[in-house]
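Read through the structure below, which is laid out as structure tokens, and then see the notes.
Throughout, read-outs are computed from the coordinates displayed, never taken from laboratory work. Keep in mind that what you see is a predicted model, and the values were worked out from it rather than measured. Note that we place each Cβ from the backbone using ideal geometry, even for glycine, and neighbour counts take in every protein chain shown.
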Amino acid sequence: MRNAEGSAAETGRPGLLRTLGLADGVAIVLGITIGAGIYSTPQIIAGYLGAFDQIILLWVAVGIFVYIGGLIYAELGTRLPEAGGEYVYLGRAFGPFAGFIFGWAQLFIIRTSPAAGLALITADYLGKFVPLRGPAHKLTAVAVILLLGGLNYVGIRRASLFQKAAAFFKTFGLFLFVLGGWLLSRGHPSLLSARADPTMPLGAAGNLIAALLMVFFAHTGMERLGYSAGEMKNPRKTIPTSLLLGIAAVVVLYVLANFVYHRTLGMEGVRGNTVVAAAAAVKLAGEAGAVFVSLLVIASTTSSINGTMMTATRAYYAMARDGLFFRWLDHIHPRFRTPSRAIAAHCVWAVVILFLRGTFEVIVAGMAFGVLIFWALNALALFKMRRGERGAAGTGGDYYRVPLYPVLPAVFLAGIAAFLVFRAATDWRRSLEDVAFIATGIPFYFFWMRKRKKTSS
């Protein structure tokens, strides 16, 4: 796999601009991670479990677990600070097949499916201000995807400016929601001790696994920061600091938001609202609270879509550059210096999924299951790189290192492996479907490899 900037210099082709700093890195982590998860999953989770103490324990445990994952990705990102992120890590550790399957899954399920779902949620909350009925609702969602795609197409600086503004608003807004919720709820009786039997019929283990998938979905995003390493001024410092600051903020805000939901609405109240944050805001602050939350959710969903476009599209470009994807995606726009065709492909497939998708919960569960598979593979990649001390040429070992190695990476890997096994056992049909969807890329890999061999011979 070639270094994007190096190959650009050698061929005279335009390369990616290195303009992103620490503020941009933190904004990407916050912007991608704080999407619809904290607003759309608590009501689903409440149906799987029976008490608030069980729910909050899951959020805290997953938050700590993701923090360990952030340490792993910080080392991987500083060892290999190239555009493409996980595609580069897996390719260097296990060869082109692993990198290709990862990139295939990103475009066709893991990154574009959430874009479709988040665009629909954006349209839902825009309906608070402008009536959107029938076809207008889906057309609005399409417009959201295309507008954000256009923003990314015309330049990383514009997309990054929007990302920083939206990330600040939604992070500060979520903080205000949490703080205001605690202050305003003082005049209301606390419902934290309310209990209710689970309403989902999957059994204790099945309900726990299903709830965990929702919590994991709300935390996904931190791994994508490394995709933009090729556009960072100093990736070896920016990546680890951005990850640690961003994940810490996300975990604290998520835990506190759940306290507000359940203190205000109780178990039954959380279950009974598809827009749980708006319901809590209405109860505490009336219609003004609902308007504020609607704007907050719109900022959250659009910045999550935008952050993914800023990062995942670089993986498609990196794959095409290495001859393992559609060749026309190996293109940097000569004027805007962005992977413009990869951005266009991302938008087109997100729109296709928007019209073909199933329920929000099924899409989220499948995406989270796929993400966890690749989290595990990237943890294995770290072990392999440590054993061979692999890293970017000329770094001299100048990169972040995971503390308490190999204990923390081993705990992370074992936890994911156990979770994947339990999910496969309790919901084997959907697990098989998710794996099969990823596996559809296998024949395409051999097609491109054969084509590449013919070209080189």
### Message
Quick check on my filter: what residues within region 273-304 are free of Cβ contacts under 8 Å to residues at least 60 places away in the same chain and not in a helix (DSSP H, G or I)?
### Response
none
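For every residue, the table says whether it meets (1) in contact (Cβ under 8 Å) with a residue 24 or more places away in the chain; (2) closer than 30 Å to residue 340 by Cα.
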{"position": "130", "(1), (2)": "no, no"}
{"position": "139", "(1), (2)": "no, yes"}
{"position": "144", "(1), (2)": "yes, yes"}
{"position": "149", "(1), (2)": "yes, yes"}
{"position": "154", "(1), (2)": "yes, yes"}
{"position": "157", "(1), (2)": "yes, yes"}
{"position": "164", "(1), (2)": "yes, yes"}
{"position": "174", "(1), (2)": "yes, no"}
{"position": "178", "(1), (2)": "yes, no"}
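Which count do you get for residues in region 266-295 that are surrounded by fewer than 23 Cβ atoms within 10 Å (Cβ to Cβ), on the phi < 0 side of the Ramachandran plot and not basic (Lys, Arg)?
Pass one, region 266-295, residues surrounded by fewer than 23 Cβ atoms within 10 Å (Cβ to Cβ): 266, 268-269, 271-275, 278-279, 282-292, 294-295.
Remaining after also requiring on the phi < 0 side of the Ramachandran plot: 268-269, 271-275, 278-279, 282-285, 287-292, 294-295.
After this cut, where a residue has to be not basic (Lys, Arg) as well, the list is 268-269, 272-275, 278-279, 282, 284-285, 287-292, 294-295.
Residues in region 266-295 being surrounded by fewer than 23 Cβ atoms within 10 Å (Cβ to Cβ), on the phi < 0 side of the Ramachandran plot and not basic (Lys, Arg): 19 in total.
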### Task
Please determine, by comparing only the residues of region 419-455 that are in contact with a Phe, Trp or Tyr (Cβ under 8 Å, 6 or more places away or on another chain) and not in a helix (DSSP H, G or I), which one is nearest to residue 327 (Cα to Cα).
441
